[in-house]
Amino acid sequence: MELFFRHRKFLGAYVSLVMMLLALGPILRRGRALKAPPSLNGAWKFEVTNGQLPEPGCLAAGTELRRGTMNFSQSGNSFSLLLGGVAPGAASMGVIEGHQLRVSLPLPPKDHAPGCNEVQRLELEAWIDSDSEPRSMTGTLSARECSACGSSQFHAVRTVAPAAQE
Amino acid sequence: MPDLSLLVLQVAVVLLACRVTGALFQFIYQPRVVGEMCAGILLGPTVLGWIAPAASARLFPASSIGYLNALSQLGLLVFMFLVGLGMNVSELKKSGKWTLLISHASIVVPFVLGSALALFLYPRLSDDSVSFVSFSMFMGAAMSITAFPVLARILRELNMLDTRLGTIAIACAAIDDVTGWCLLAYIIVLIRFDHSGIRPLLILLGVAGFAWIMVYGVGSQLRRLEKIYARAGRLSEGTLALVLLLVLLSALCTEKLGIHLLFGAFLMGAIMPRNKELRLYLFDRLEPITVTLLLPLFFAVTGLRTSIAVIHGREMWLCCALVLIVATVGKLGSSMLASRLSGMEWREAAGVGALMNTRGLMELVILNIGLEIKVISPALYSMMVLMAVTATLMTTPALKMIYRGAMAGSVTDDAAADSGSGPFTQGAGTATGFAHGVQRPTG
């Protein structure tokens, strides 16, 4: 008992620390109920299911698009879309709302096609199917401010999932 | 094949940027290493990529970063060996109970606060490929780290290494580091194998077995190095190569066991013979090229991965501010309160808190691991890097503010006079045995 009183400050401090550690239980329980946005990270292969991709003359990234690949780098509800080998600097930020994603990618035209403005944007809107394995999405690709470029519907499948947790 | 000319140019640019920025930071009384951390950010997309995107893309094309990263990781391996070498585990055993309390408080409180913050951050900055448990555990560990080598460097530059405050902070940071790395190893195993039942337990048993073999098997054999050194006053190139080979093998073992290369390198350093001259000799041989040439590459790779542009919108900046506040309150507040409880005066307790909030290189190491295993997103990584740099930048001014007019050597006397003979006196001075060793790595 005497030992306890002599070290009561020290023991009290350690009891407080243990109590704090016990708070991890409720935190983890509550956290398990939280929903994070669907994962997009990694490389996706897509194919046009209806319509045609914007003409190469319209978009500098037309050739990249024709490779049929896109890469996503995601941070929660926002993401960067990298088309083919386009450097990260050319990436554009998009948003995820529920299972829907939207991004507007600024693309300088390589050659001016008739009906295209100098600054064009590639619009991507898609819905992610979180239940499919590998993960897939369907959506539309269109070039804004370019009447000659048209739009297309696509289906994409994740080919390289994040190499994260083995 | 790497473009060798480009790689050499990259190394030259990184080296120049780190030297210049480091010198500028020293000019404003900040440790050189903080300047080098900032140099990495300056070379990344945040500054160079924003001001001159074309030059940045030409100098650091995405395809070349892998080679630069490989070089930097090699430097980091040797650096972690040096950090382990600078730690005297037998001295830690002698730490007073209050030193242990301060250290444990400075781990537990930020860990729990970091995990609680994860409740807010997870839906905003993570995705469903990462479980909440992994995310929150990692956030807790990342929040509870103290940069032991940077701390030693700051204390040395402020001429406070041998003061009571200095020895307390060094002892606490050393215990923090050892605990932090053990904790992180455990968390990495949980994160990497959280879907596979009994596997994490087997891995942890494997890691424990490996550590036991290293400490009692390899460690006792390494004592021969002391004899060789005592006989010749130096180690031959062959012996030095053997030491490096053991570092690499140990690193490979921990990687194969499922944790990370760096743990093996750190463990190898920690089990090296405690002979002070031998340790200094190894520092002299390995430190210059590691700290001067290879470590800046790590800062550059960290900077290249950091992009302020991905932190956009009010909500993200709110997350960033919360990360900084929670990290600082958790670390500084808990260390300060525990120090006060131990009998220190408020001023000295605040000094310990400010020192323990130094994050530096160790935080960057952990964040890079987190990004590699994809438990944190690029945006959260950038926020945490900003937090690490800001917290480290804060240390010197905070100390100067706390000890306004009573800096450097007089800190000892003031603090000693202030604190009288509180219970903390048991812990004072316990760290001096390894303080000399740890001040060598500048990261």
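Of everything in the range B:1-18, what is in a helix (DSSP H, G or I) and either touching a residue at least 24 places away in the same chain (Cβ under 8 Å) or touching a helix residue (DSSP H, G or I) at 6+ places or on another chain (Cβ under 6 Å) (or both)? Give them in sequence order. Those that are in a helix (DSSP H, G or I) and either touching a residue at least 24 places away in the same chain (Cβ under 8 Å) or touching a helix residue (DSSP H, G or I) at 6+ places or on another chain (Cβ under 6 Å) (or both): B:LEU6, B:LEU7, B:LEU9, B:GLN10, B:VAL11, B:VAL13, B:VAL14, B:LEU15, B:ALA17, B:CYS18. Inside the range B:305-331, residues that are modelled with pLDDT under 90 and hydrophobic (A, V, I, L, M, F, W, C) make up a count of 4. Please find, among B:PRO288, B:PRO296, the residue that is under 30 Å from B:CYS38 (Cβ atoms) and without any contact (Cβ under 8 Å) to a residue 24 or more places away in the chain. Being under 30 Å from B:CYS38 (Cβ atoms) and without any contact (Cβ under 8 Å) to a residue 24 or more places away in the chain holds for just one of B:PRO288, B:PRO296, which is B:PRO288. For B:PHE132, indicate whether it is under 20 Å from B:VAL326 (Cα atoms) and touching a Phe, Trp or Tyr at 6+ places or on another chain (Cβ under 7 Å). Yes: the conditions hold for B:PHE132.
Pairs linking a residue in the range B:31-49 that is within 14 Å of chain A (Cβ to nearest Cβ) to a residue that is basic (Lys, Arg), with Cβ atoms under 7 Å and 6 or more positions apart or on different chains, do not occur.
Consider B:ILE259 carefully, then state whether it is of a type outside the set (Asp, Glu), farther than 22 Å from B:LEU225 by Cα and outside any helix (DSSP H, G or I).
Yes: the conditions hold for B:ILE259.
Within the range B:31-54, the set of residues being among the hydrophobic types (A, V, I, L, M, F, W, C) and surrounded by 24 or more Cβ atoms within 10 Å (Cβ to Cβ) comprises B:VAL33, B:VAL34, B:MET37, B:ALA39, B:ILE41, B:LEU43. The single condition among (1) farther than 30 Å from B:ARG279 by Cβ; (2) over 21 Å from the mean Cα position of the chain (by Cα) that B:LEU42 does not satisfy is (2).
Of everything in the range B:141-189 that is of a type in the set (Gly, Ala, Ser), closer than 15 Å to B:GLY360 by Cβ and in contact with a Phe, Trp or Tyr (Cβ under 7 Å, 6 or more places away or on another chain), the residue that is modelled with the lowest pLDDT is B:ALA174.
Taken across the range B:258-268, residues that are touching a Cys at 6+ places or on another chain (Cβ under 8 Å) and surrounded by 15 or more Cβ atoms within 10 Å (Cβ to Cβ) do occur, with at least one present. B:ALA23 satisfies every condition listed in (1) over 24 Å from B:ASN368 (Cα atoms); (2) of a type in the set (A, V, I, L, M); (3) within 14 Å of chain A (Cβ to nearest Cβ) except (3). Listed by first and then second residue, the pairs linking a residue in the range B:110-129 that is at the interface with chain A (Cβ under 7 Å from one of its Cβ atoms) to a residue that is crowded, with 23+ Cβ neighbours inside 10 Å and among the β-branched types (Val, Ile, Thr), with Cβ atoms under 8 Å apart and 6 or more places separating them unless they lie on different chains, are B:LEU125/B:ILE376; B:SER126/B:ILE376. Restricting the range B:243-300 to residues that are among the polar types (S, T, N, Q) and more than 19 Å from the chain's Cα centre (by Cα), the residue that is modelled with the lowest pLDDT is B:ASN275. For B:GLY443, the requirement of being surrounded by fewer than 24 Cβ atoms within 10 Å (Cβ to Cβ) and either aliphatic (A, V, I, L, M) or modelled with pLDDT under 85 (or both) is not met.
Scanning the range A:73-99 for residues that are buried (at least 19 other Cβ atoms within 10 Å of the Cβ), modelled with pLDDT of 55 or more and facing chain B (nearest Cβ under 10 Å) yields a total of 10. A:LEU34 - would you say it is over 31 Å from the mean Cα position of the chain (by Cα) and either more than 7 Å from every other protein chain (Cβ to nearest Cβ) or closer than 24 Å to A:VAL95 by Cβ (or both)? Spelling it out, it is not the case that A:LEU34 is over 31 Å from the mean Cα position of the chain (by Cα) and either more than 7 Å from every other protein chain (Cβ to nearest Cβ) or closer than 24 Å to A:VAL95 by Cβ (or both). Applying the criterion of being of a type in the set (S, T, N, Q) and touching a residue at least 24 places away in the same chain (Cβ under 8 Å) to the residues of the range B:130-148, the residue that is farthest from the other protein chains (Cβ to nearest Cβ) is B:THR146.
Of the residues making up the range B:92-104, not a single one is among the aliphatic types (A, V, I, L, M), under 25 Å from B:VAL291 (Cα atoms) and more than 14 Å from chain A (Cβ to nearest Cβ). Screening the candidates B:GLU363, B:GLU372 for the property of being without any contact (Cβ under 8 Å) to a residue 12 or more places away in the chain and closer than 26 Å to B:PHE81 by Cβ yields one hit, B:GLU372. Would it be correct to say that B:PHE210 is at pLDDT 85 or above and crowded, with 17+ Cβ neighbours inside 10 Å? So B:PHE210 fits the description; yes.
The values are calculated or read from the model by the stated rules, or taken from the named source; none is laboratory data. Here the structure is a predicted model, which means the values were calculated and not measured. No Cβ is skipped: glycine too gets one built from the backbone with ideal geometry, and neighbour counts run over all protein chains shown.
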